[in-house]
1. For helix 13-25, report the angle its Cα long axis makes with the longest principal axis of the Cα atoms of the chain; keep it between 0 and 90° and round to the nearest 10°.
2. What does the charge count around GLU21 come to, taking other residues whose C-beta lies under 14 Å from its C-beta (Lys +1, Arg +1, Asp -1, Glu -1)?
3. Can you compute the helix-only [θ] at 222 nm over the chain? Use -39500 (n - 2.57) per DSSP H run of at least 4 residues, normalise by all residues, nearest 500 deg cm²/dmol.
4. Using a simple charge model, +1 on the beta-carbon of Lys and Arg, -1 on the beta-carbon of Asp and Glu, nothing else, what dipole does the chain show about its Cα centre, in debye to the nearest 20?
5. Have a look at the DSSP beta bridges in the chain and tell me what percent are antiparallel, nearest 5.
6. If I compute mean projected area of the Cα convex hull in nm² from the structure I just sent, which labelled value in (i) 9.1; (ii) 5.5; (iii) 11.7 lines up?
7. Given H placed 1.01 Å from N in the peptide plane, which residues other than close sequence neighbours of THR10 have an amide H under 5 Å from its amide H?
8. All other residues with a Cβ under 11 Å from the Cβ of SER42 taken together, and with Lys, Arg as +1 and Asp, Glu as -1, what is their net charge?
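Bear in mind these aren't lab numbers, they're just calculated from the coordinates by the rules spelled out. Because the structure is a prediction, the values reported are computed rather than measured. Note that each Cβ is placed from the backbone with ideal geometry, even for glycine, and that neighbours are counted across all protein chains shown.
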Amino acid sequence: MKILKIAVGTTSEQKMGYVEEALSELGLKAEIVGAEVKSGISEQPLTSEETKKGSANRAREALKENPKADFFSRSRSWLPFEPRR
């Protein structure tokens, strides 16, 4: 079975661990690759839209730094995994 490579827009061990745990619960093995990237929003987002935008920006930047990743994940627990396009 192929081990998936998941790019995550954070270097937080805790957040990367959450991604790994979620995948494990689905019976999937993956290499989680974190990247220290900018969100492109304010330090303290004031709206959920701003939070979503920052999370999407981080995910895109993480994918740029890890172009061989199969998927990328936003670092907010209520946002889904997205396939590489």
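1. Once rounded, one gets 50 degrees.
2. -1
3. After summing the helix terms and dividing by residue count, I get -12000 deg cm²/dmol.
4. 380
5. Numbers: 3 of 11 bridges.
Here the share of antiparallel DSSP bridges comes out near 25 percent.
6. Given (i) 9.1; (ii) 5.5; (iii) 11.7, the structure-derived one carries the label (ii).
7. Placed amide hydrogens put ALA35 under 5 Å from THR10.
8. Residues near SER42 contribute -1 overall.
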